[in-house]
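This report concerns only the one structure given below.
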There are 2 protein chains.
Amino acid sequence: MQPIESLQQQFEARCRKLGLAVTHQRTVIYRELVATGEHPTPEAVYERVKAQIPAISLGTVYKNVKTFLDAGLLKEVSLHHGTLRLDANTDPHHHMVCRQCRRIFDIPESEIEPVRLKNLPESGFQIDRFSIEVLGVCGACAAARE
Amino acid sequence: MQPIESLQQQFEARCRKLGLAVTHQRTVIYRELVATGEHPTPEAVYERVKAQIPAISLGTVYKNVKTFLDAGLLKEVSLHHGTLRLDANTDPHHHMVCRQCRRIFDIPESEIEPVRLKNLPESGFQIDRFSIEVLGVCGACAAARE
DNA sequence: ATATTAAACGATAATTATTCTCATTTGTCA
DNA sequence: TGACAAATGAGAATAATTATCGTTTAATAT
């Protein structure tokens, strides 16, 4: 019979594999991130963690969030938060984003088959439109890597 | 025979309709935004405009960008730039975003039919994955508006 | 268990992106 | 052309994030 690992145990194992110390702060930050079904900001995580570790500093939250992102334990919802990117193309279209150089290319809406949901969305959610991002590496960046 | 409006004339007409003064700065900012096929940051727009109006201030660029966004002449590429949003869900999934309260709901990948491009992408672009955002208004916000 | 050492922490300064304020200048319209 | 509201430029203020650095803590080898 398979041992059932607790979240805590899984977390510790992943840290060890990554060479990361299992600190109290790190553990609580991760636990809270998983606990909230939301997609919190670092500030919101800080608030939740502070309820349990009053002395924690916001910088520690940021540092660990970055560590977790690098380690793949966490994802960021948007590739291009951080600075406003403007789009003067008013025709309906989607985007192709290079994760290397962050350049953004337009894809006319007509190039993509319409999105179809298999079931009805979250109760009462009124859909305006779909926005598709094709993520990958652009020709130039792929070439630059040989 | 229909008169062919220049971009400049179209822009002036839209400004008039919106009650916006047609200033030199505003005109050049908009022209540069349309000229670049890219999706520039305000800073990048500022650099381009400064080549033509050396005395322009970055604040003016920001103010006009905001004005254009409000007016719908411009879009922002990402709804949630500005602050990092974290996601501890490591299963492949997409997002449903409320443009009112900015809450983000997960949609399991299996709920959406796979995206299909009709033609090959931008030369040499290597696709990693697709990220779909369903934009609209969540149940709670829709209810709050009556 | 304890000593050693590198990693992590907390406090806080620094940086970056963005917004705000206000005195001056410039379009708009009579 | 003149009056007035709107827009501009300069720079201060704020928000989000990163960096620095002295102290504390977890990992590990005794």
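The values are calculated or read from the model by the stated rules, or taken from the named source; none is laboratory data. Since the model is a prediction, treat every value here as computed from it, not as a measurement. Cβ: placed from backbone, ideal geometry, glycine included. Neighbour counts: every protein chain shown. Note: areas computed on protein heavy atoms with side chains; ligands, DNA, RNA excluded. Shrake-Rupley method; radii C 1.70, N 1.55, O 1.52, S 1.80 Å.
What pairs can you find where one residue is in the stretch B:84-97 and at negative phi, the other is open to solvent by 20 Å² or more (accessible area, probe 1.4 Å) and among the hydroxyl-bearing types (Ser, Thr, Tyr), and their Cβ atoms are less than 7 Å apart, with a gap of 6+ or different chains?
Partner pairs satisfying both residue conditions: B:Leu84/A:Thr41; B:Arg85/A:Thr41; B:His94/B:Ser131.
Can you run down the residue pairs with Cβ atoms below 6 Å, 6 or more apart or on separate chains, where the first is in the stretch B:35-57 and in contact (Cβ under 8 Å) with a residue 12 or more places away in the chain and the partner is more than 13 Å from DNA strand D (Cβ to nearest atom) and part of a loop (DSSP other than H, G, I, E, B)?
Cβ pairs passing all conditions: B:His39/A:Arg85; B:His39/B:Val77.
Quick one: is A:Phe68 more than 14 Å from DNA strand C (Cβ to nearest atom) and either touching a helix residue (DSSP H, G or I) at 6+ places or on another chain (Cβ under 7 Å) or modelled with pLDDT of 90 or more (or both)? Show your work before the answer.
Details: more than 14 Å from DNA strand C (Cβ to nearest atom): no; either touching a helix residue (DSSP H, G or I) at 6+ places or on another chain (Cβ under 7 Å) or modelled with pLDDT of 90 or more (or both): yes.
Against the criterion (more than 14 Å from DNA strand C (Cβ to nearest atom) and either touching a helix residue (DSSP H, G or I) at 6+ places or on another chain (Cβ under 7 Å) or modelled with pLDDT of 90 or more (or both)), A:Phe68 does not qualify.
Which pairs have Cβ atoms under 6 Å, sit 6 or more apart or on different chains, and link a residue in the stretch B:10-21 that is free of Cβ contacts under 8 Å to residues at least 60 places away in the same chain to one that is within 11 Å of DNA strand C (Cβ to nearest atom)?
Listed by first residue and then by second, the contacts come to B:Glu12/B:Val22; B:Cys15/B:Val22.
Quickly run through the stretch B:1-30 and pick out the residues that are loosely packed, with under 13 Cβ neighbours inside 10 Å, among the polar types (S, T, N, Q) and within 17 Å of A:Leu86 (Cβ to Cβ). It would help to see each step written out before you state the result.
We begin by selecting, within the stretch B:1-30, every residue loosely packed, with under 13 Cβ neighbours inside 10 Å; these are B:1-10, B:13, B:16-17, B:19, B:21, B:23-24.
Narrowing the set further to residues that are among the polar types (S, T, N, Q) leaves B:2, B:6, B:8-10, B:23.
Those that are loosely packed, with under 13 Cβ neighbours inside 10 Å, among the polar types (S, T, N, Q) and within 17 Å of A:Leu86 (Cβ to Cβ): none in the stretch B:1-30.
Those residues that are within 15 Å of DNA strand D (Cβ to nearest atom) and not in a helix (DSSP H, G or I), I need them from the stretch A:1-30; list them, please. Quick ask: steps written out before the conclusion?
Initially, the stretch A:1-30 is screened for residues within 15 Å of DNA strand D (Cβ to nearest atom), giving A:8-30.
Within the stretch A:1-30, A:Gly19, A:Leu20, A:Ala21, A:Val22, A:Thr23 qualify.
Among the strands (runs of 3 or more DSSP E) confined wholly to the stretch A:31-145, which include 3 or more residues that are facing chain B (nearest Cβ under 7 Å) and crowded, with 17+ Cβ neighbours inside 10 Å? Let's see the steps before the verdict.
Values: elements: A:93-98, A:104-108, A:126-137.
In the stretch A:31-145, A:126-137 are the strands (runs of 3 or more DSSP E) which contain 3 or more residues that are facing chain B (nearest Cβ under 7 Å) and crowded, with 17+ Cβ neighbours inside 10 Å.
Does the stretch B:86-96 contain at least one residue that is among the hydroxyl-bearing types (Ser, Thr, Tyr) and in contact with a Ser or Thr (Cβ under 6 Å, 6 or more places away or on another chain)?
The answer is no, given that none of the residues of the stretch B:86-96 is among the hydroxyl-bearing types (Ser, Thr, Tyr) and in contact with a Ser or Thr (Cβ under 6 Å, 6 or more places away or on another chain).
Would you tally the residues in the stretch A:58-76 being free of Cβ contacts under 8 Å to residues at least 40 places away in the same chain and closer than 23 Å to A:Gln10 by Cα?
If we filter the stretch A:58-76 for residues that are free of Cβ contacts under 8 Å to residues at least 40 places away in the same chain, which is where we start, we get A:58-66, A:68-70, A:72, A:75-76.
Narrowing the set further to residues that are closer than 23 Å to A:Gln10 by Cα leaves A:60-66, A:68-70, A:72, A:75-76.
Total meeting the criteria: 13.
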